[in-house]
Amino acid sequence: MKVSAVITLKKDVLDPQGKVIHETLDGMGFNSVNEVRQGKYFEIDVKENDPKKAKDLVEDMCKKLLANLVIENYKIIETQ
Amino acid sequence: MKSSVITFPGSNCDRDMDVALTKFGFKNKMVWHNDQELPKSDLIVLPGGFSYGDYLRCGSMASKSKIMHSVINYAKSGGLVMGICNGFQILVESGLVPGVLLRNKYLQFICKNVYVKVENKENTFFKNLDKKVLEFHIAHNEGNYFCTSDQLKEIEDNNQIAIYYCDQNGNTNDQINPNGSIKNIAGIFNKEKNVLGMMPHPERMIDESLSGEDGSIFFKNLLNNIK
């Protein structure tokens, strides 16, 4: 089944890319933006049909490789 | 004295490091990332470059490569490990030194000479060094050192900050901070001070006519300290 993981920067970590995107949006006329934070999205197809096991597996991947827990948080989303 | 330089796919300062180490008297071996065992070495160097194309996060893929199991064991048993630039990023990703390296504050790749202040000389890397300020070279996109406030306190309490970005006279302040690193940190140690990670490249400063010789001073001193 497919499981997705969204990796975002923690609140206190500076996100210069997000800032630049925010300023660009502002310049384009999207003036109602409070903040932009850029993150990463992974779609992982695992050989596992049990949703709980599949999620646990992807969570382990997040902890060990996909996210750096010093600066990033992860969220797991079951997609299929 | 024997040294080993690890080559990862995408390393590009590995041969420069080999030239530098050999020039100052190390018997150096190049080691491929897919090897499992390290040759007998007094010093292991993780060189600069763009291992795995900086995919995911700089150094993250390389930190999981086969040879890194041996490097981590070697470091944990007290062996000397030095990571330069991408090597520093690999060290933080492998957990051998604390913190992370974020994208430079102003989103620019920085390639220039910088001055660094050597803070802590009670370690094999900088012991007996007769200069406090060295001129090294930096070339990186992700050199913005970051750690949590708890980690910073621990790093400071244990004297783990190795070098700071500074001006020619050794003053550290925001104006001369090239990349936004917390406290102008350019390099740090692990708790035991046998692992050093730093963004500047000493191996690019080993020729009087090309670059200046503060790298030569560093390597000569390092060799003497290991002997």
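The values are calculated or read from the model by the stated rules, or taken from the named source; none is laboratory data. The structure displayed is predicted, hence computed values, not measured ones. For neighbour counting, all protein chains shown are included, and Cβ atoms are generated from backbone atoms with ideal geometry for every residue, glycine included.
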Where residues in segment A:1-28 are under 26 Å from residue B:108 (Cα atoms) and in a loop (DSSP other than H, G, I, E, B), which of them is farthest from the other protein chains (Cβ to nearest Cβ)?
A:28
Being surrounded by 13 or more Cβ atoms within 10 Å (Cβ to Cβ), modelled with pLDDT under 95 and away from chain B (no Cβ under 14 Å) is the filter here, so list the residues in segment A:57-80 that pass it.
A:77, A:78
Here is a list: B:135, B:192, B:203. Which entry is more than 27 Å from residue A:9 (Cβ to Cβ) and assigned to a strand (DSSP E or B)?
B:135
So which residues in segment B:86-103 are under 15 Å from residue B:53 (Cβ atoms) and touching a Cys at 6+ places or on another chain (Cβ under 7 Å), if there are any at all?
B:86, B:89
Candidate set: segment A:10-39, residues that are surrounded by 12 or more Cβ atoms within 10 Å (Cβ to Cβ) and of a type in the set (Lys, Arg); chosen: the one farthest from the chain's Cα centre (by Cα)
A:19
Out of segment B:149-204, which residues are of a type in the set (Gly, Ala, Ser) and touching a strand residue (DSSP E or B) at 6+ places or on another chain (Cβ under 8 Å)?
B:162, B:170, B:180, B:181, B:186, B:187, B:197
Of the residues in segment A:11-27, those that are charged (D, E, K, R) and more than 17 Å from residue B:181 (Cα to Cα) come to A:11, A:19, A:23, A:26
Being touching a helix residue (DSSP H, G or I) at 6+ places or on another chain (Cβ under 8 Å) and over 24 Å from residue A:62 (Cα atoms) is true for just one of B:131, B:117, B:112. Which residue is that?
B:131
Give me the residue from segment B:104-143 that is within 14 Å of another protein chain (Cβ to nearest Cβ) and under 14 Å from the mean Cα position of the chain (by Cα) and, out of that set, farthest from residue B:175 (Cα to Cα).
B:142
Test set (1) touching a residue at least 24 places away in the same chain (Cβ under 8 Å); (2) part of a loop (DSSP other than H, G, I, E, B) - residue B:121 fails condition number:
(1)
